[in-house]
Amino acid sequence: MSTVELTKENFDQVVSDNDFVLIDFWASWCGPCRQFAPVYDSASERHPDLLFAKVDTEAQQELAAAFDIRSIPTLMIVRDNVAVFAQPGALPEAALEDVIGQARNLDMDEVRKSVEEQQRAAEAGQGQGQPEAQ
């Protein structure tokens, strides 16, 4: 299976329409990105039920900035519109397979519950700032 090129115009639609999306943030000048590309492409052939996508960080600088991509390649996995994995660095094939397996085995109900709890805690903490110094 080939990979899908993500842009700021199609990103939300593609991610929303697919339950499990792997995203490779890369650039053509990046040596480790070029080394990771065949590993990523090979995995896309072994996992035709998953969507493999790429974001060219040079062409899509706004998208890279929105995800705070500071190092490339960065692999992100989104399941049910929740980013469940994001890590910079070119993964070897075995490590990529392990990450995919772990992401497949996640209990997404538990993940959503955890995300909701973190959001509630963050919202509760916003109103409890330190008093300003006089």
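When you look at ALA53, is it part of a strand (DSSP E or B) and of a type in the set (A, V, I, L, M, F, W, C), yes or no?
Yes.
Of the listed requirements (1) in a helix (DSSP H, G or I); (2) at positive phi, ASP68 misses just one: (1). Being in contact with a Phe, Trp or Tyr (Cβ under 6 Å, 6 or more places away or on another chain), of a type outside the set (A, V, I, L, M) and within 26 Å of GLU9 (Cβ to Cβ) holds for only one residue in PRO88, PRO73, PRO48, and it is PRO73.
Taking segment 40-81 as the range and being open to solvent by less than 30 Å² (accessible area, probe 1.4 Å), of a type in the set (Val, Ile, Thr) and either touching a helix residue (DSSP H, G or I) at 6+ places or on another chain (Cβ under 6 Å) or in contact (Cβ under 8 Å) with a residue 60 or more places away in the chain (or both) as the test, the residues that pass are VAL55, THR57, ILE77, VAL78.
Within segment 12-30, can one find any residue that is farther than 24 Å from VAL111 by Cα, in a helix (DSSP H, G or I) and free of Cβ contacts under 8 Å to residues at least 12 places away in the same chain? No, because not a single residue in segment 12-30 is farther than 24 Å from VAL111 by Cα, in a helix (DSSP H, G or I) and free of Cβ contacts under 8 Å to residues at least 12 places away in the same chain. Against the numbered list (1) in a loop (DSSP other than H, G, I, E, B); (2) within 15 Å of the chain's Cα centre (by Cα); (3) among the acidic types (Asp, Glu), GLU9 comes up short only at (2). Scan segment 103-113 residue by residue and report those that are assigned to a helix (DSSP H, G or I) and touching a strand residue (DSSP E or B) at 6+ places or on another chain (Cβ under 8 Å). Answer for segment 103-113, where residues must be assigned to a helix (DSSP H, G or I) and touching a strand residue (DSSP E or B) at 6+ places or on another chain (Cβ under 8 Å): ALA103, ARG104, MET108, VAL111, ARG112.
The values are calculated or read from the model by the stated rules, or taken from the named source; none is laboratory data. Treat the numbers as computed from the prediction; the structure is a model and nothing was measured. Methodologically, a virtual Cβ is constructed for each residue, glycine included, from the backbone with ideal geometry; neighbour enumeration extends over all protein chains shown. For the accessible areas, the whole protein counts, side chains as well, though only heavy atoms, and no ligand, DNA or RNA atoms are used. Shrake-Rupley method; radii C 1.70, N 1.55, O 1.52, S 1.80 Å.
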